[in-house]
Amino acid sequence: MATVGTGKHTYQLVENWVKLPAGWTLGQTGIVTDARDRVYLFNRSEHSLIVLDRDGVFFTSWGEGILSSAHGMFIDQQENIYLPVINSHVVLKYNAAGKMPAPRRPTRTPGV
């Protein structure tokens with residue numbers, strides 16, 4: 001089994017860890033975790049943002065039809081999620097429930 005990292009930041013590859021609903025696939029993906037060990041996948045596929053529990057079991061998804069062109073991700077201490085959208089030149093801010101706390105700027109208007 002592959003191991004990467006050093007010290008307390010040592011990780012092992014777990015084959016088939018992700019358990020998505022039947023027929024779902026992952027594309028290029030940005031990954032963050034929150035304080036409750038949920039794993040957020042900002043994903044270039046039909047299901048834009050997928051949330052898994054710490055064991056890789058599907059919890060929820062959101063952003064279908066809204067989020068596209070995933071390009072990294074950041075989560076702050078209040079569990080706000082910042083999603084850069086490469087082709088729109090914006091960073092979208094959502095809370096952990098998938099709600100946008102501030103009005104969305106028009107695409108191609110840089111900002112948060």
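Could you check the range 38-72 and list, in sequence order, the residues that are in contact with a strand residue (DSSP E or B) (Cβ under 6 Å, 6 or more places away or on another chain) and at positive phi?
Within the range 38-72, Gly56, Gly63, Ser69, Gly72 meet the criteria.
Quick check on my filter: what residues within the range 56-69 are within 22 Å of Leu13 (Cβ to Cβ) and out of contact with any Asp or Glu (no Cβ under 9 Å at 6 or more places or on another chain)?
Gly56, Val57, Phe58
Across the range 11-25, what is the total count of residues that are part of a strand (DSSP E or B) and modelled with pLDDT of 90 or more?
Qualifying residue count for the region: 1.
When you scan the range 26-88 for strands (runs of 3 or more DSSP E) that lie fully inside it, which ones turn up with 2 or more residues that are over 21 Å from Pro101 (Cα atoms), at pLDDT below 85 and within 11 Å of the chain's Cα centre (by Cα)?
Fully inside the range 26-88 and qualifying: nothing.
Yes/no per residue for (1) within 27 Å of Ala2 (Cα to Cα); (2) surrounded by fewer than 17 Cβ atoms within 10 Å (Cβ to Cβ); (3) not small (Gly, Ala, Ser):
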position: Gln12; (1), (2), (3): yes, yes, yes
position: Gly30; (1), (2), (3): yes, no, no
position: Phe42; (1), (2), (3): yes, no, yes
position: Asp55; (1), (2), (3): yes, yes, yes
position: Ser69; (1), (2), (3): no, yes, no
position: Gly72; (1), (2), (3): yes, yes, no
position: Gln78; (1), (2), (3): no, yes, yes
position: Val90; (1), (2), (3): no, no, yes
position: Tyr94; (1), (2), (3): no, no, yes
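Check off (1) in contact (Cβ under 8 Å) with a residue 12 or more places away in the chain; (2) over 16 Å from the mean Cα position of the chain (by Cα) for Val4 and give me the number that stays unchecked.
(1)
The values are calculated or read from the model by the stated rules, or taken from the named source; none is laboratory data. Here the structure is a predicted model, which means the values were calculated and not measured. In this analysis, Cβ positions are derived from the backbone assuming ideal geometry, glycine residues included, and neighbour counts consider all displayed protein chains.
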